[in-house]
1. Just give me the residues in the stretch 1-32 being of a type in the set (Asp, Glu) and open to solvent by 10 Å² or more (accessible area, probe 1.4 Å), in sequence order.
2. Does the stretch 232-251 contain at least one residue that is in contact with a Cys (Cβ under 8 Å, 6 or more places away or on another chain) and without any contact (Cβ under 8 Å) to a residue 60 or more places away in the chain?
3. Is it the case that some residue within the stretch 66-84 is touching a strand residue (DSSP E or B) at 6+ places or on another chain (Cβ under 8 Å), basic (Lys, Arg) and not in a helix (DSSP H, G or I)?
4. When the stretch 128-152 is examined, which residues are found to be touching a strand residue (DSSP E or B) at 6+ places or on another chain (Cβ under 8 Å), in a loop (DSSP other than H, G, I, E, B) and open to solvent by less than 80 Å² (accessible area, probe 1.4 Å)?
5. Say whether the condition of being part of a strand (DSSP E or B), farther than 29 Å from Arg62 by Cα and open to solvent by less than 60 Å² (accessible area, probe 1.4 Å) is met by at least one residue in the stretch 153-165.
6. Of (1) surrounded by 15 or more Cβ atoms within 10 Å (Cβ to Cβ); (2) within 19 Å of Ala69 (Cα to Cα), Pro100 satisfies all except one. Which?
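The values are calculated or read from the model by the stated rules, or taken from the named source; none is laboratory data. Only a predicted model underlies this, so the values are computations on that prediction, with no experimental measurement involved. FYI the Cβ positions are ideal-geometry reconstructions off the backbone, even for glycines, and counts take in every protein chain you see. Calculation scope for accessible area: heavy atoms of the full protein, side chains included, ligands and nucleic acids excluded. Shrake-Rupley method; radii C 1.70, N 1.55, O 1.52, S 1.80 Å.
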Amino acid sequence: MKIALMDTGIGLLAAAAAVRRLRPDADLVLSSDPDGMPWGPRTPEDIRARSLAVAEAATAHRPDALIVACNTASVHALPTLRARLEPDLPVIGTVPAIKPAAAGGGPVAIWATPATTGSPYQRGLIRDFADGVTVTEVACPGLAEAVQYADEAAIDAAISDAAERTPADVMTVVLGCTHYELVAGRIRAAVQQAGLPPLVLHGSAVAVATQALRRINELPAPEAPVEGTLTVILSGREAQLPSAALAYEEGRLLQAVSPAGR
């Protein structure tokens with residue numbers, strides 16, 4: 001079994017680690033576009049073109065499924081990717097976990113990139129799945145880029161800025177960018193208010209990993225042999241995991257338990 005994941009950068013680590021935990025025997029192909037980051041300010045046409053290039057670099061390795069582990073690519077390019085690749089290759093997109101977050105009541109905050117915050121796409125999800133729930137959209141300028149380069153000071157500054165703009169009574173935070181899941185603990189610490197119940201964070205990594213297995217008729221088997229390989233593609237070039245990836249638990253996990261790609 002081989003599962004490919006694509007993203008602008010290292011935000012795909014969260015979903016890749018989730019796949020690795022569910023199926024240690026799965027070969028992984030991680031395809032990203034560090035040369036083109038960030039995608040958020042780009043036009044939808046440019047994002048679609050770059051998404052296709054990143055996807056095609058991954059599909060050259062003949063995976064059984066492709067996870068689009070990127071909210072921006074899912075918003076702008078998912079229909080294009082599915083039109084190009086399905087039905088031969090299942091394509092699994094990433095959707096902010098607004099529905100399960102709203103099901104728990106409110107108030108809810110959605111942390112996302114400036115490009116996604118306030119977008120018709122995100123507003124549509126709020127309308128469809130969070131009707132009657134108090135939802136605050138919180139733009140997080142610079143956070144994805146800071147996470148991408150493991151810039152500790154910039155991460156702290158971006159999280160602090162977003163936390164200050166998050167209402168104090170928020171009980172649940174939706175992590176609307178895959179990069180944010182790599183610093184979920186730091187986000188929790190910044191938003192949690194004394195005297196309130198533990199903050200609930202909703203990411204997408206486990207859900208998309210589980211859906212990918214479902215689409216190829218496989219079941220989770222965390223007890224499977226730890227023999228899945230890891231292939232890394234950076235803007236079309238085979239490479240090693242970027243050094244910044246090893247700043248995060250998910251990157252260290254993938255490096256520690258993955259033989260070299262075949």
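1. In the first step, residues of the stretch 1-32 are kept if they are of a type in the set (Asp, Glu); the result is 7, 25, 27.
Residues satisfying the conditions are Asp25, Asp27.
2. No, the stretch 232-251 has no match at all.
3. Just the residues of the stretch 66-84 that are touching a strand residue (DSSP E or B) at 6+ places or on another chain (Cβ under 8 Å), to begin with: 66-71, 73-74, 77-78, 81-82.
Pick out the ones that are also basic (Lys, Arg) and you get 82.
If we keep only those that are not in a helix (DSSP H, G or I) as well, we get none.
No, that holds for no residue.
4. If the condition is that a residue be touching a strand residue (DSSP E or B) at 6+ places or on another chain (Cβ under 8 Å), in a loop (DSSP other than H, G, I, E, B) and open to solvent by less than 80 Å² (accessible area, probe 1.4 Å), then Ala130, Val133, Cys140 are the ones that fit.
5. The answer is no; no qualifying residue exists.
6. For Pro100, the exception is condition (1).
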